[in-house]
Amino acid sequence: MKNAFLFILALCFSSFLPHSAQAQEEKEPWFGLSANGYVKDLQTLILIDNPTGVGPSTFVTQYNFLHHRLNTRWDFGQAVNLKLDFRTRFFWGGATSINKTFIEQLDGSNDYFNLATGAANDQGIGIHSMIDRAYLEYAKGSWEIRLGRQRINWGINTLWNPNDVFNAYAFTDFDYEERPGSDALRVRYFMGYASSAEIAVRMADNWKDAILASRANFNIKQYDFQVIAGYVQEDLVLGGGWAGNIGNAGFKGEFSYFQPLPEDRDPAFAMSVGVDYMTAKSLFLTGGALFNSQGQWEGNLATLFNFELSARNLYPYKLSVFSQAAYPISPLLNAAMVVVYSPSKAHALFLSPTLTYSIASNWDLDLIGQIAFNEDDGYISPVQAMFLRVKFSY
């Protein structure tokens, strides 16, 4: 089936190449290549309280990784282009934190095709490299067609996206700005200002893993709306979303209902809403909430780090609220704070403070914290993580 996919890819786009070449005027180059990327170094320190009373009171895990990303775009005339992005990470740290299992877990970013390779030794050194984007695109007139590994981003809201049925992601993974992709075919037709219709199909060997969904976008009285429907991994899904303004504040939301075809699984409903506002002094405020029918009221803090992420289950608790504040302290220094609270049995609270400093036009320095609290034995924080990141873009 994978060979068939490659054959379809070639068949769909080979017919466009000669036409695109002939359509070019002689003064315009038929072929063009552009590239950019970045190099990041991320140092991580994680502190976990030891509740057993045996051994040290706190377990300390420390590791570093060097991350290089290369983004390339190959243009064949005006209508056809090829996108290839490469992601390579080199890890080192304690042998208990960097091991073969750790490297294998990184392959979760793969989709239908295995476009990654990696290895680790017993001294806590590992490397992982993958092709993160690889798709052909035909864009001409009202049509846009993409085939290959791509990001199909149908989410609207800031933190949680029930409409993002192809590429659900965890907001705690702050170091993956590009977010996961899918090996898929996507066809989109633009019908005018803020109006379009599209269909996307994700590659799979069986119906259990397949995704086939459609989306329609339209605008009514300065509000952008969308409706999605399809089949998502043994669920029939129907959802929608909106984005607009209430006065000077932005107002966004989206929802999805999942009706399972197997009888051994319950239906799921997820809805998120959010409001954002910029003050006259450049203080950016965001707030919102998520209702997740698959979440738990009784869940403890451990479920925050051990749940199966998907569009039908974006967060482990049934109800969660968040707020975010961001402020430019100076033209070069920005500060932000994200607070997520879930009124579960543990009253789970997640805090993420961030400081970002622009060293130069293409150099950035970030100090990021992730602190989790619970009320199991008094309102304490059993898990704290700190990250220091330097990034060079080119």
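None of the figures in this text is laboratory data; all of them are computed from the coordinates on show. Computed from a predicted model, the values in this text were never measured in an experiment. For neighbour counting, all protein chains shown are included, and Cβ atoms are generated from backbone atoms with ideal geometry for every residue, glycine included.
Rounded, prolate or oblate: pick one for segment 160-230, where a ≥ b ≥ c are the square roots of the eigenvalues of its C-alpha gyration tensor, a/c under 1.5 means rounded, and failing that, prolate if a/b is larger than b/c, else oblate.
oblate
Using the 10 angstrom Cβ neighbour count as an exposure proxy, how do Ile228, Ile131 rank, fewest first?
Ile131, Ile228
Separation of segment 295-333 and segment 187-226 by C-alpha centroid, Å?
27 Å
When His128, His67, His347 are ordered from fewest to most other Cβ atoms inside 10 Å of their Cβ, what list results?
Numbers: His128 23, His67 19, His347 14.
Arranged by neighbour count, lowest to highest, His128, His67, His347 become His347, His67, His128.
Which of rounded, prolate or oblate describes segment 198-309 when judged by the alpha-carbon gyration tensor and an a/c cut-off of 1.5?
Details: a/c = 2.60, a/b = 1.39, b/c = 1.87.
Oblate is the answer for segment 198-309, as a/c is 1.5 or above yet b/c matches or exceeds a/b.
How big is the equivalent ellipsoid of segment 271-316 along its three axes, where each semi-axis is √(5λ) from the Cα gyration tensor, reported in whole Å from largest to smallest?
On the way: eigenvalues 170, 29, 17 Å².
For segment 271-316, the semi-axes come out at 29, 12, 9 Å.
Assuming 0.36 nm per residue, please report the length gained on full extension of the stretch Gln123 to Ser97 beyond their Cα-Cα distance.
Numbers: separation 26, 0.36 × 26 = 9.36 nm, distance 1.01 nm.
Additional length available on full extension: 8.3 nm.
For segment 294-353, what is the Kirkwood estimate of the hydrodynamic radius, computed as the reciprocal of the mean inverse distance between distinct Cα atoms, to one decimal in Å?
Hydrodynamic radius (Kirkwood, Cα only) of segment 294-353 equals 12.8 Å.
How far apart, in nanometres, would the label points at Phe269 and Asn50 be if each is projected 7 angstrom from Cα along the Cα-to-Cβ direction?
4.7 nm
Report, to two decimal places, the Cα Rg of segment 274-394 normalised by 2.2 N^0.38 Å (N = number of residues).
Working: Rg = 16.7 Å, N = 121, 2.2 N^0.38 = 13.6 Å.
Cα Rg divided by the expected 2.2 N^0.38 Å: 1.22.
Can you bin segment 47-142 into rounded, prolate or oblate? Criterion: square roots of the alpha carbon gyration tensor eigenvalues sorted a ≥ b ≥ c, rounded for a/c under 1.5, prolate for a/b above b/c, oblate for the rest.
In terms of gyration-tensor shape, prolate.
Listing Glu308, Glu254, Glu375 from the residue with the fewest other Cβ atoms within 10 Å to the one with the most, what is the order?
If I rank by nearby Cβ atoms, fewest first, I get Glu308, Glu375, Glu254.
Among Lys83/Lys391; Lys40/Lys83; Lys40/Lys100; Lys252/Lys318; Lys252/Lys281; Lys140/Lys252, which pairs are too far apart, with a Cα-Cα distance over 28 Å? List each step's numbers first, then the result.
Values: Lys83/Lys391 23 Å; Lys40/Lys83 22 Å; Lys40/Lys100 23 Å; Lys252/Lys318 20 Å; Lys252/Lys281 23 Å; Lys140/Lys252 31 Å.
With Cα atoms farther than 28 Å apart: Lys140/Lys252.
How far is helix 2-14 tilted off the main Cα axis of the chain, in degrees rounded to 10, range 0 to 90?
50 degrees
Can you run the Rg to Rh ratio on the chain? Use alpha carbon positions and the Kirkwood inverse-distance Rh.
With Rh from the inverse mean 1/r over Cα pairs, Rg/Rh is 0.97.
Ignoring everything except DSSP H segments at least 4 long, calculate the 222 nm mean residue ellipticity for the chain; use -39,500 (n - 2.57) per segment, divide by total residues, nearest 500.
Using -39500 (n - 2.57) per qualifying helix, the result is -2000 deg cm²/dmol.
Need one number: nm distance between label points at Gln62 and Ala229, each 7 Å from Cα along Cα→Cβ, rounded to one decimal.
Once both label points are built, they end up 5.7 nm from each other.
Over segment 86-228, one equal point on each Cα, no solvent: what is log10 I(q)/I(0) by the Debye formula at q = 0.12, 0.14 Å⁻¹?
Each listed q corresponds, in turn, to -0.61, -0.78.
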